[in-house]
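All remarks here apply to the structure that follows.
The values are calculated or read from the model by the stated rules, or taken from the named source; none is laboratory data. Just so it is clear, the model here is predicted, and its values are computed rather than measured. Here the Cβ positions follow ideal geometry from the backbone for every residue, glycine too, while neighbour counts run over all protein chains shown.
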Amino acid sequence: MNKVFEKGTGPKRISYQKLVQSTCNFAENQKLGEGGFGGVYKGFFKDSSTHVAVKRVSTSSRQGIKEYASEVMIISRLRHRNLVQLIGWCHKNRELLLVYEFMENGSLDLHLFKEKSLLAWDTRYKIAHGLGSALLYLHEEWEQCVLHRDIKSSNVMLDSDFNPKLGDFGLAKLVEHEKGSQTTMLAGTMGYMAPECVVTGKVSKESDVYSFGVVTLEIASGRRTIVYTAEERQTRLVEWVWELYGTRTLVEAADPRLGSDFDEEELKRLIVVGLWCAHPDPDLRPSMMEAIQVLKCDAPLPKLPSPMPVATYSAPPMSWIYGVTSIIQDQLVKL
């Protein structure tokens, strides 16, 4: 594995001892977050006076090793201002470690849902545009098409100036540009996954676009993609916002914490783009280029149907259905 990783340029192998020292032996008070993959710790390299983020990948399953290898092999080759930079990697003593640039303002979800700070409207619009630029690069501008497969607000990191950087490429897949889709085992996060992925197992640029649409709606509304009410009923963000679109009351979707401190036209533009990207029919979603053109006011707003349409998909093989049932149950427990 070392020889394969070292063929790339940029990220380099970092000694295990250096990572232990930088994180105070992975002290609990150094932990930045915890996910299904493992924990992320804040580290400090004394020789360069640099703060870093160290991801300690779980080795409890083969999936953890697969995600570790995928992340090193893919993200180390990508260069874009809106992608988190991978600095180095280490696998020793049954440990799988990834080292990233440190993002001073953490992940987007901390600000939207956990009140780390109140993001101003201009910052929110900038974040949506930057995330879209990252996806355009992955889908169209690199030598191969990169399907991220896990776009969500917790994977959007914010630097000291609140510039967004997409991270966590553990589930990413490479496909040729002319193909653009792939049938694979269910992966991603419920609420952000396009409906056709759950039903057919087929991932594509359009399924990434769907996830982007959900995140833009979260940015505009300050609401999670799935909310459980006191009556234990699910409220899905896309459905709720689409109802407001149908009644021409989109302003009601604005994050109430903003008060009236937002640009109404930009709010409507961001929400309509979000709904367009989250269209139930993947064939009717925009490309990332088309979505960005609308966000930049270089193209008119699309006209969407009212009420929210319902798409149908071909039935998947029975083996697929059996394979994804337990995964869906696990995702629902996490929510």
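What about L304, is it assigned by TED's automatic domain parsing to the domain that holds L136, at pLDDT 95 or above and part of a loop (DSSP other than H, G, I, E, B)?
Yes; evaluated as a whole, the condition is true for this residue.
Check the stretch 171-185 and report whether any residue there is surrounded by 15 or more Cβ atoms within 10 Å (Cβ to Cβ) and within 12 Å of the chain's Cα centre (by Cα). Yes, some residue in the stretch 171-185 is surrounded by 15 or more Cβ atoms within 10 Å (Cβ to Cβ) and within 12 Å of the chain's Cα centre (by Cα). Here the condition is being at pLDDT 95 or above, of a type in the set (S, T, N, Q) and out of contact with any Ser or Thr (no Cβ under 9 Å at 6 or more places or on another chain); of T249, T312, T325, it holds for T249 alone. Close contacts from the stretch 187-200, counting a first residue that is within 16 Å of F212 (Cα to Cα) and a second that is modelled with pLDDT under 85 and assigned to a helix (DSSP H, G or I), with Cβ to Cβ under 6 Å and a gap of 6+ residues or different chains, come to M190/Q331. Set side by side, the residues K116, K152 differ, and just one is on the phi < 0 side of the Ramachandran plot, without any contact (Cβ under 8 Å) to a residue 12 or more places away in the chain, in contact with a helix residue (DSSP H, G or I) (Cβ under 8 Å, 6 or more places away or on another chain) and not small (G, A, S), which is K116. Scanning the stretch 254-274 for residues that are touching a Gly at 6+ places or on another chain (Cβ under 7 Å) and crowded, with 17+ Cβ neighbours inside 10 Å returns D255, G274. Among the listed residues L118, L131, identify the single one that is surrounded by fewer than 23 Cβ atoms within 10 Å (Cβ to Cβ) and not acidic (D, E). Every option except L118 fails the conditions. Checked against (1) surrounded by fewer than 17 Cβ atoms within 10 Å (Cβ to Cβ); (2) under 21 Å from D150 (Cα atoms); (3) among the acidic types (D, E), D47 passes all but condition (2).
Inside the stretch 178-212, can you point out the residues that are among the acidic types (D, E) and at pLDDT 90 or above?
Filtering the stretch 178-212 down to residues among the acidic types (D, E) leaves 178, 196, 206, 208.
Result: E196, E206, D208.
With of a type outside the set (K, R), modelled with pLDDT under 95 and in contact with a Leu (Cβ under 8 Å, 6 or more places away or on another chain) as the only criterion, which of S48, S60, S117, S70 stands out?
S70
Considering the stretch 31-139, the qualifying strands (runs of 3 or more DSSP E), each wholly inside and each with 2 or more residues that are over 28 Å from T225 (Cα atoms) and either among the basic types (K, R) or not assigned by TED's automatic domain parsing to the domain that holds E218 (or both), run over 38-45, 50-57, 86-92, 95-101. For the stretch 237-253, check the following and say yes or no: at least one residue is surrounded by 22 or more Cβ atoms within 10 Å (Cβ to Cβ) and polar (S, T, N, Q). Within the stretch 237-253 (the criterion being surrounded by 22 or more Cβ atoms within 10 Å (Cβ to Cβ) and polar (S, T, N, Q)), the answer is no, since none of the residues qualifies.
Would you confirm whether any residue within the stretch 101-114 is under 15 Å from A172 (Cβ atoms) and surrounded by 18 or more Cβ atoms within 10 Å (Cβ to Cβ)? Full working, then the answer.
Kept after step one, since they are under 15 Å from A172 (Cβ atoms), are these residues of the stretch 101-114: none.
The answer is no; no qualifying residue exists.
For the stretch 154-170, a residue qualifies if it is within 18 Å of the chain's Cα centre (by Cα), in a loop (DSSP other than H, G, I, E, B) and not polar (S, T, N, Q), and the qualifying residues are D159, F162, G167, D168, F169, G170.
Taken over the stretch 259-297, the criterion of being part of a loop (DSSP other than H, G, I, E, B), of a type outside the set (S, T, Y) and within 17 Å of L135 (Cβ to Cβ) is satisfied by A278, H279, R285, P286, K296.
Could you please give the count of residues in the stretch 174-213 that are part of a helix (DSSP H, G or I), β-branched (V, I, T) and under 22 Å from F37 (Cα atoms)?
Looking only at that region, the number is 1.
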